[in-house]
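This report concerns only the one structure given below.
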Amino acid sequence: MRSRRFYGISLSLIIINMAAIMERADENLLPAVYKEISETFKAGPSDLGYLTFIRNFVKGIASPVAGILVINYDRPPVLAIGILCWALGTGAMGASKYFFQVGFWRAVNGFGLAIVIPSLQSFIADSYTDEARGTGFGFLNLIGTLGGIGGGAIATVMAGYEFWGIPGWRFAFVMMATLSSLIAFLVFKLVIDPRRRTSIEYDIAKNSDRKDLIEKGHTNSMSIWMESWTAMKAVMKVQTFQCIVLQGLVGSLPWTSMVFFTLWFELIGFDHNSAAALVGLFAAGCALGSFSGGVIGDRMSRMYPNSGRIMCAQFSAFMGIPFSWFLLRVVNQSVSSYFTFAVTLFLMGLTISWNATATNSPMFAEVVPSKHRTMIYAFDRAFEVSFSSFAAPVVGILAEKLYGYDSKSVDPLLGSAKEALALSKGLFSMMAVPYGLCSLFYTPLYWTYKQDRENAKIASIKETELI
């Protein structure tokens, strides 16, 4: 089945990218209103960090569910279910009366994202060729980040108002849940899975392989679990996957820590609009950087097929060290440094955001057969996200226990210079060193990537011949 086209562009890809916009907007929603959450529930940085931990930990450990579902079902209904799940969690958070309720619904939100993100990544991987896959992921990241900018900025601005007697931050959550539900409907009704165009022959072969099992009394569900287990083992054995996951365990820590940027700027003394603008500039830099990184990665891979993408990743990860140091330890933490903060954040986002689009996502698609792509993205999320989820509460604990952060000393309007400094020290601890280790851990790929890519090509050829 072929996807409908809108002005020459696949309607399925348009809607999938719309889903990516909503996913990023939803992820940025809570950090954008940390200050209001803190005031409403009397929560400090460590409590806020636990909310991020809960969502990310569930999102990580539940990600293999997406791989299992997509092996046996088309991606549009899987995506629709995941989007509805995250929408339910988001809407319920906005209506929560107690802090523990926010934590529970944050976990539900994470489960929905665990299903959606790997499915989105494999959908894009199947929609582009090897030579253009970095650009495809870059574009997905570009518009997704724009959605994150919009979601974070709108929520930060709305937090300062009331709508029909409802606090602005609560209204933002309900509004996001409603829009997400609409996207789920569009995905279910209009998106065509690109894998379905060639899946008929594959299903015939798969069913013929299962015939003996069924005749012996095994259930279809048993064969599904056997196939899922086989896919899991195949993915885990790929050395390139192991190396990328290793760097991701430390490389994702800084990104998780950055959820405190909005709170940090408000503690410095910036108002809602200024804080939203600064975080938006950083996100804009990341959006442009992820897209340009994907394009550069494609070009580098054509020039240096076995090492070009790896060099891009090491450069991008290394740039996180000087930028983190300058942003958090050198720039004067006062409202008079607005322009310096703005330029630094934009340039930082432009250079540190290449890894996923230039290297990780395109390489994952090349080192396993196409039917295992969702599984490899799911397991990458499982390891990286679950581990990095500890970063946010660690930043809060460091700020409070080691650097003297006291949430009771924060002025609701003017912030607190002392608490801003404590939080920046906690952030720096979880950013500079992980970036250095991340760049170092990419090195083994110079030896593993070529062989794994050739093995995947041979496996795909054998599978095609068998069919």
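Which residue is surrounded by the fewest Cβ atoms within 10 Å (Cβ to Cβ), if the candidates are limited to region 437-451 and must be within 21 Å of the chain's Cα centre (by Cα) and assigned to a helix (DSSP H, G or I)?
Initial filter on region 437-451 (within 21 Å of the chain's Cα centre (by Cα)): 437-439, 441-442.
After this cut, where a residue has to be assigned to a helix (DSSP H, G or I) as well, the list is 437-439, 441.
Values: Leu437: 15, Cys438: 26, Ser439: 22, Phe441: 21.
In this case the residue turns out to be Leu437.
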Requested in this report: Being crowded, with 21+ Cβ neighbours inside 10 Å, closer than 28 Å to Lys189 by Cβ and not β-branched (Val, Ile, Thr) is the filter here, so list the residues in region 56-82 that pass it.
Outcome: Lys59, Ala62, Ser63, Pro64, Ala66, Gly67, Leu69, Arg75, Pro76, Leu79, Ala80, Gly82
Query raised in the report: Of (1) touching a residue at least 60 places away in the same chain (Cβ under 8 Å); (2) within 24 Å of Gly134 (Cβ to Cβ); (3) crowded, with 24+ Cβ neighbours inside 10 Å, Ile268 satisfies all except one. Which?
Result: (2)
Report summary line: Filtering region 415-436 down to residues that are over 15 Å from Ile321 (Cα atoms), open to solvent by 20 Å² or more (accessible area, probe 1.4 Å) and not charged (D, E, K, R) yields Ala417, Leu421
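Output the number of residues of region 61-94 satisfying the condition of being closer than 18 Å to Asn28 by Cα and among the aliphatic types (A, V, I, L, M).
So the count comes out to 6.
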Report task. Would you check which residues across region 145-160 are under 20 Å from the mean Cα position of the chain (by Cα) and of a type in the set (Ser, Thr, Tyr) and list them? Result -> Thr145
Query raised in the report: If you check Leu327 against the conditions, is it open to solvent by 70 Å² or more (accessible area, probe 1.4 Å) and out of contact with any His (no Cβ under 9 Å at 6 or more places or on another chain)?
Result: no
Query raised in the report: Quick check: is even one residue across region 372-381 in contact (Cβ under 8 Å) with a residue 60 or more places away in the chain, outside any helix (DSSP H, G or I), crowded, with 21+ Cβ neighbours inside 10 Å and touching a Lys or Arg at 6+ places or on another chain (Cβ under 8 Å)?
Result: no
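Given Ser63, Ser46, Ser38, which one is polar (S, T, N, Q), in contact with a helix residue (DSSP H, G or I) (Cβ under 7 Å, 6 or more places away or on another chain), at negative phi and modelled with pLDDT of 80 or more? Steps first, please.
On the way: Ser46 fails: modelled with pLDDT of 80 or more; Ser38 fails: modelled with pLDDT of 80 or more.
The match here is Ser63.
Going by the structure shown, is Leu423 modelled with pLDDT of 80 or more, assigned to a helix (DSSP H, G or I) and under 30 Å from Ser122 (Cα atoms)?
Working: modelled with pLDDT of 80 or more: yes; assigned to a helix (DSSP H, G or I): yes; under 30 Å from Ser122 (Cα atoms): no.
Considered against the rule, which asks whether it is modelled with pLDDT of 80 or more, assigned to a helix (DSSP H, G or I) and under 30 Å from Ser122 (Cα atoms), Leu423 comes out as no.
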Report task. Filter the helices (runs of 4 or more DSSP H) completely within region 262-352 down to those with at least 1 residues that are farther than 23 Å from Met430 by Cα and within 23 Å of the chain's Cα centre (by Cα). Result -> 272-303, 308-325
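Test Ser353 against the stated conditions and say whether it is within 23 Å of Ile117 (Cα to Cα), free of Cβ contacts under 8 Å to residues at least 60 places away in the same chain and open to solvent by less than 40 Å² (accessible area, probe 1.4 Å). Give the steps one after another, and end with the answer.
Values: within 23 Å of Ile117 (Cα to Cα): yes; free of Cβ contacts under 8 Å to residues at least 60 places away in the same chain: no; open to solvent by less than 40 Å² (accessible area, probe 1.4 Å): yes.
Answer is no for this residue.
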Query raised in the report: Quick check: anything in region 324-334 modelled with pLDDT under 90 and of a type in the set (Gly, Ala, Ser)?
Result: yes
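A quick yes/no check of all residues on (1) within 24 Å of Pro393 (Cβ to Cβ); (2) open to solvent by less than 10 Å² (accessible area, probe 1.4 Å); (3) out of contact with any strand residue (DSSP E or B) (no Cβ under 7 Å at 6 or more places or on another chain):
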{"site": "Leu84", "(1), (2), (3)": "no, no, yes"}
{"site": "Gly89", "(1), (2), (3)": "yes, yes, yes"}
{"site": "Gln101", "(1), (2), (3)": "yes, no, yes"}
{"site": "Ala114", "(1), (2), (3)": "yes, yes, yes"}
{"site": "Thr129", "(1), (2), (3)": "no, no, yes"}
{"site": "Gly134", "(1), (2), (3)": "no, yes, yes"}
{"site": "Gly144", "(1), (2), (3)": "no, yes, yes"}
{"site": "Trp164", "(1), (2), (3)": "no, no, yes"}
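The values are calculated or read from the model by the stated rules, or taken from the named source; none is laboratory data. Note that the coordinates shown come from a computational prediction; the quantities given were computed from them, not determined experimentally. Here Cβ is always computed from backbone atoms with ideal geometry, including for glycine, and neighbour counts include all displayed protein chains. Side chains are part of the model used for accessible areas, which takes the heavy atoms of the whole protein and leaves out ligands, DNA and RNA. Shrake-Rupley method; radii C 1.70, N 1.55, O 1.52, S 1.80 Å.
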